[in-house]
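Remarks on the structure that follows.
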Amino acid sequence: MKGYLVIAVVIATLCLSEVRSQISRDPCKYFPCENGQCVAPNDVPRCECFTGYIYNPVLETCVLLLPDPCAGFSCGNGVCIAPNGRPICECDPGFKFDAGRIFNKCVRIPGSEV
């Protein structure tokens, strides 16, 4: 029984050595990098994402960079926020968001002093 255990340990060690050898030859081999290209300066793999993508460390890959929903959206007396990907205005005191207008923006609340 000891002979089988020794053989199993030797095989496992050889397999681990082979895996380490493969990784050291190509650090990018087992590194996911969809929508980008793996580069390995100093044998440390990382993704260089294609244009329009950004690296997501949680997913360990490049994901589509969505355009800023607030780009070109002027609130006037407030700041644009996009809690669900749709731009709305967080208005300054004395103003409220008026989505019923042609131009969505913050309008003065009647009777408020600013």
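Below, the figures for the structure above:
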| quantity | calculated |
| --- | --- |
| Considering residues of segment 35-71 that are of a type in the set (S, T, N, Q) and in contact with a Cys (Cβ under 9 Å, 6 or more places away or on another chain) only, the residue least open to solvent (accessible area, probe 1.4 Å) | 61 |
| Some residue of segment 91-106 being aliphatic (A, V, I, L, M) and farther than 30 Å from residue 34 by Cα | yes |
| Any hit, segment 94-101, residues being more than 30 Å from residue 30 (Cα to Cα), at pLDDT 90 or above, touching a strand residue (DSSP E or B) at 6+ places or on another chain (Cβ under 8 Å) and among the hydrophobic types (A, V, I, L, M, F, W, C) | yes |
| Number of the exception - residue 112 against (1) over 30 Å from residue 27 (Cα atoms); (2) surrounded by 13 or more Cβ atoms within 10 Å (Cβ to Cβ); (3) among the polar types (S, T, N, Q) | (2) |
| Meets criteria (out of contact with any Leu (no Cβ under 8 Å at 6 or more places or on another chain) and not hydrophobic (A, V, I, L, M, F, W, C)) for residue 85 | no |
| Some residue of segment 72-89 being touching a Pro at 6+ places or on another chain (Cβ under 8 Å), crowded, with 16+ Cβ neighbours inside 10 Å and under 30 Å from residue 37 (Cβ atoms) | no |
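The values are calculated or read from the model by the stated rules, or taken from the named source; none is laboratory data. All of these numbers come straight from a predicted model, not from anything done at the bench. As a convention, Cβ positions derive from the backbone with ideal geometry for all residues, glycine included, and neighbour counts pool all protein chains shown. Calculation scope for accessible area: heavy atoms of the full protein, side chains included, ligands and nucleic acids excluded. Shrake-Rupley method; radii C 1.70, N 1.55, O 1.52, S 1.80 Å.
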